[in-house]
Every structure is written in C-alpha cells, then in structure tokens.
Amino acid sequence: MRALALAPAFVSLAIALGLITATAHAADTPRDIKGLYLMTDYPAITVRPGTTSTISLRLQNYGLDPQQYQLSVAGVPSGWTATILGGGQPVAAAMPAPDSSVPLQLRLDVPANAALSQQTLTIKAEGQGNQATNQAASQASLPLVVSLAKELPAKLTVTPQLPSLRGSPKSNFEYTLSIKNDSGRDLTASFAAQAPENFETSFTEAYGTQELSSIPIPAGQSKDIKLKVRPPSTIGAGHFPVTVTVKAEDASAKADLALDIVGEPQLQVAGRDGLLSARAVAAQQSSIPIVVTNSGTAPAENVTLNASAPTGWKVTFEPSTIDRLVPGKDAEVQALVTPSDKSLAGDYMVSVNANSRGESASSQFRITVATSTVWGVVGAGVIGVALLLMLGAVARFGRR
C-alpha cells in the first residue's frame with residue numbers, strides 16, 4: 001500500500017524533471033535567424049561642421065548563400081561627402097560568407113558652412129536575389145541619424161591609482177596617473193607637479209624611463225603616466241601634499257597626492273668630547289670611550305658595534321649592543337683595544353662601526369702605540385750590564 005501511495009509522487013517528480021530538462025534544452029536552442037543585416041553600434045551620432053567623422057558598420061549574413069551586395073548611401077545633403085570604406089579603402093560592394101560579417105566604415109566629410117541641423121542618411125546593401133531567396137533577404141538598409149552641433153569644450157580627467165604613499169626620506173615615491181581625454185577631438189596634454197620645497201619631481205612613461213612633459217591623447221581614450229617624487233634626505237617625518245595639474249587647450253584637471261614620510265634613525269660615531277684619537281701600548285689592553293649618537297627622527301633599535309683594526313689587534317666593545325637609542329640622545333660604550341705584541345711605536349688607524357637595521361655609521365680613530373715599559377727596563381738593564389763589562393775590561397787590561 002505504501003509503495004502504491006508513493007508511486008504518484010515519483011511520477012510527478014519525473015514529469016517535473018522532464019519539463020525542466022525540456023525547458024532548458026529549448027532555452028539552449030539558438031533562434032532561427034536568417035537574412036542580411038546592416039548594423040552599427042551607434043545609429044545616432046553628433047558631429048561638428050568642418051570635420052571628418054568615421055562610423056563603424058558591419059554587413060552580417062545569417063544563413064544565406066554568399067553573393068555580392070552593392071553598397072550605397074542615400075539622403076546625403078548637398079556639399080557633404082559620404083564614402084564607404086572596407087579594409088581602409090573605398091569599396092562599392094561586399095560579399096559576406098554565410099553566418100559571418102564584413103566590417104565596413106562610413107566616412108563623413110561635413111562642410112564648415114553646414115547649418116546646425118539633423119539629417120538622416122540611409123546605408124544600403126543590395127544583392128541580385130534568386131529563386132531560393134526572396135527580395136527581402138537579398139537587401140538590407142540602415143538609417144543613420146546625424147546631428148550637427150558646435151564642438152564641445154575640451155575635457156580632461158586625471159585619476160591616480162594610489163593617491164597616498166608611505167616611506168622613509170630615502171624612498172622614491174612613484175604614482176601612476178591615468179589621464180583621460182573626454183573631448184570629441186585629439187588633445188596634447190601637458191602636466192606639472194607642485195611639491196614642497198626641495199622635493200624633486202619628474203614624469204615618465206608608465207612602462208618606461210623616458211621623462212615627459214606632455215603626451216598626445218586621442219579623443220575618448222586614456223594614457224597612463226608615472227610621477228616620481230624624491231624628498232630631501234634631511235626631511236623629517238610628516239605628511240606632505242603634492243598636486244598634479246594637467247592642461248590641454250582650455251581644459252585642465254587636478255589630482256591631489258600625498259607622501260607620508262616616517263622617521264628613521266641617523267647614527268654618528270665619535271670619541272668622548274668629539275676626539276678621534278687615543279693612546280695604547282703594544283700587547284696591553286686600553287679602554288677608549290666611544291660615543292654613539294642618534295640624530296635622526298626615529299629610535300635606533302639593537303645598535304651593534306664592531307671594528308676594523310690592523311692584523312693581530314684585538315678590539316671588543318663593552319657593551320657590544322645598545323638596545324635602544326632614542327632621537328637626540330647618545331650612549332657611551334668602551335672600546336677595549338689590544339695592539340699586537342709585534343706593533344712598533346707609531347700611529348695606527350682603527351675604524352669603529354655602528355649598525356641598526358640598515359642604518360650605519362663609522363669613524364676612523366688614530367691610535368698612537370708606544371712600546372711596553374717592561375721592554376724599556378729590560379733594554380736599560382742590558383745596556384747597563386754591557387757598560388759594566390766594558391769598564392771592567394778597561395780596568396783590568398789598562399794596568400798592563
């Protein structure tokens with residue numbers, strides 16, 4: 001009984017699924033279109049007297065045998081010139097293959113003294129026709145409405161991809177700007193940048209290095225350019241505006257940009273009281289005070305110290321790392337310098353370096369080395385013994 005009760009439900013579901021499948025199949029079936037069509041994307045246009053305009057057309061064949069179609073334009077006002085182009089040259093006929101189209105163009109030359117009015121031109125394609133096709137299928141026409149009007153003023157827009165950038169004073173800030181010509185004619189756009197004092201600016205191609213001051217832009221199209229901004233290395237942290245102005249004839253546009261410059265440390269290395277000289281003794285450890293200063297605009301973290309010294313010398317620092325050095329402050333460490341035991345008396349150069357995450361500084365210290373006093377005493381003793389031996393020899397042999 002339960003099976004019998006469920007049977008109608010399964011039947012209904014199957015019928016519903018069948019209807020859905022049939023509907024989907026019908027939706028996927030292409031419409032049965034057959035004939036010849038003249039088409040354009042813009043069947044109504046506005047042109048300015050004294051100019052030449054080009055309108056894109058296409059002759060479409062849906063399911064017809066290939067044949068030659070004569071092309072013509074009717075309703076052309078006196079003084080106007082209408083020319084049908086194919087492949088960039090004037091043509092009088094076209095032959096589209098079945099289920100394909102032939103691209104065409106209509107070039108209109110309107111005299112400068114033409115009255116501001118509206119005209120309707122008719123583009124025609126006419127075939128010979130045959131018994132297999134009726135007269136309607138062997139011809140097509142396209143009405144084109146042409147309105148004459150004064151030229152609209154030039155119009156420009158400039159759009160930055162990233163209007164605000166962040167970096168350090170050592171960074172190069174690069175902005176990509178898209179300039180669009182919204183006019184009905186080609187324009188040459190010039191551009192300039194207003195930046196804070198001592199900021200360097202330059203314009204280049206979007207994908208090149210050639211510097212530019214202007215660029216041609218066809219009507220209705222856009223061009224991308226790149227603005228490079230380099231701040232002075234001594235600039236402090238802050239927010240800095242940059243304004244780009246684009247001009248062409250009587251049109252102009254502006255874009256507001258910004259640089260957010262973050263602080264960075266700037267290290268300096270010197271001796272106490274600014275001295276860059278010290279004294280040491282060969283084979284003996286000497287302590288030389290080293291002062292590290294942060295004259296930048298951001299803290300210096302984990303400042304490490306190292307030295308470059310003559311061969312055989314030993315140089316260490318105590319402490320070897322400064323954990324944090326805030327702007328405007330300094331820290332003193334001790335350089336423990338031990339010249340080689342083979343060092344002769346004289347002046348030697350030792351380079352002391354401080355590094356903090358890419359920021360570094362160094363200074364040259366002149367170390368005057370003296371020989372050890374122990375060796376001086378030993379030398380004096382040797383000389384004394386030699387003198388005593390010589391005096392004894394003179395006294396002994398002198399009496400003979």
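The values are calculated or read from the model by the stated rules, or taken from the named source; none is laboratory data. Computed from a predicted model, the values in this text were never measured in an experiment. Note that we place each Cβ from the backbone using ideal geometry, even for glycine, and neighbour counts take in every protein chain shown.
The set of residues from the range 168-181 being surrounded by 18 or more Cβ atoms within 10 Å (Cβ to Cβ), in a loop (DSSP other than H, G, I, E, B) and of a type in the set (D, E, K, R) is empty. Restricted to strands (runs of 3 or more DSSP E) entirely inside the range 49-167, those with at least 1 residues that are over 41 Å from the mean Cα position of the chain (by Cα) are 52-62, 69-74, 81-86, 100-109, 118-126, 139-148. For the range 311-341, the tally of residues that are of a type outside the set (S, T, Y), in a strand (DSSP E or B) and over 47 Å from the mean Cα position of the chain (by Cα) stands at 3. In the set E205, E211, only one residue is surrounded by 12 or more Cβ atoms within 10 Å (Cβ to Cβ) and free of Cβ contacts under 8 Å to residues at least 24 places away in the same chain; that residue is E205. Of the candidates P310, P299, P289, the single residue that is in contact (Cβ under 8 Å) with a residue 24 or more places away in the chain and touching a Phe, Trp or Tyr at 6+ places or on another chain (Cβ under 6 Å) is P310.
The strands (runs of 3 or more DSSP E) found wholly in the range 217-310 and carrying at least 2 residues that are under 38 Å from the mean Cα position of the chain (by Cα), crowded, with 19+ Cβ neighbours inside 10 Å and of a type in the set (G, A, S) occupy 251-261. Every condition in (1) at pLDDT 95 or above; (2) closer than 30 Å to S171 by Cβ is met by G296 except one, and the failing one is (1).
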